[in-house]
Amino acid sequence: MRMALDLRHTPLYPVHLSLGAKCANFGGWEMPIEYSGAVSEHQAVRTTVGIFDVSHMGKLRITGPGAVAALNAIVTSELGKIAAGQAQYSMLCNDNGE
């Protein structure tokens, strides 16, 4: 007997479906894995643009006095430039900035 999974959906899930995405389980998230095929999608990214939905990736909640300054010391972006309700893809660095 196969049990149904209760998969999570990103805010962009309805858009993926409206664009004809073929979706599958990716770590508990129903994520798009293909639209029109690997070759045509590769060509589209090479000649126009590609977008990757990162809203299923990890989230941190850091609060308290000095939280923004502490994060600005370890991420490669400037957190003060991100408005409330927005997100920015960034990287966490070690003590050597790597």
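The values are calculated or read from the model by the stated rules, or taken from the named source; none is laboratory data. All figures in this text were calculated on a predicted structure; none of them were measured in a lab. Heads up, the Cβs are rebuilt from the backbone with ideal geometry, glycines too, and the neighbour counts pull from every protein chain shown.
What pairs come up if the first residue lies in region 11-32 and is assigned to a helix (DSSP H, G or I), the second is acidic (Asp, Glu), and their beta carbons are under 7 Å apart, counting only those six or more places apart or on different chains? Taking only residues 6 or more apart or on different chains, the pairs are Tyr13/Glu30.
In region 37-53, is there at least one residue being closer than 30 Å to Asn96 by Cα and surrounded by 12 or more Cβ atoms within 10 Å (Cβ to Cβ)? The answer is yes, given that some residue of region 37-53 is closer than 30 Å to Asn96 by Cα and surrounded by 12 or more Cβ atoms within 10 Å (Cβ to Cβ). Scanning region 39-55 for residues that are of a type in the set (Gly, Ala, Ser) and within 17 Å of Val15 (Cα to Cα) returns Gly50, Ser55. Step by step: first the residues of region 48-98, then only those that are among the hydroxyl-bearing types (Ser, Thr, Tyr) and closer than 20 Å to Pro32 by Cβ, then the one that is modelled with the lowest pLDDT. Which residue is that? Ranking the candidates gives Ser55 first.
Here His56 fulfils each of the conditions (1) out of contact with any Phe, Trp or Tyr (no Cβ under 6 Å at 6 or more places or on another chain); (2) touching a residue at least 40 places away in the same chain (Cβ under 8 Å) apart from (1).
Condition check: loosely packed, with under 13 Cβ neighbours inside 10 Å, over 19 Å from the mean Cα position of the chain (by Cα) and not polar (S, T, N, Q). Does Ala84 satisfy that? When the stated conditions are applied, Ala84 does not pass them.
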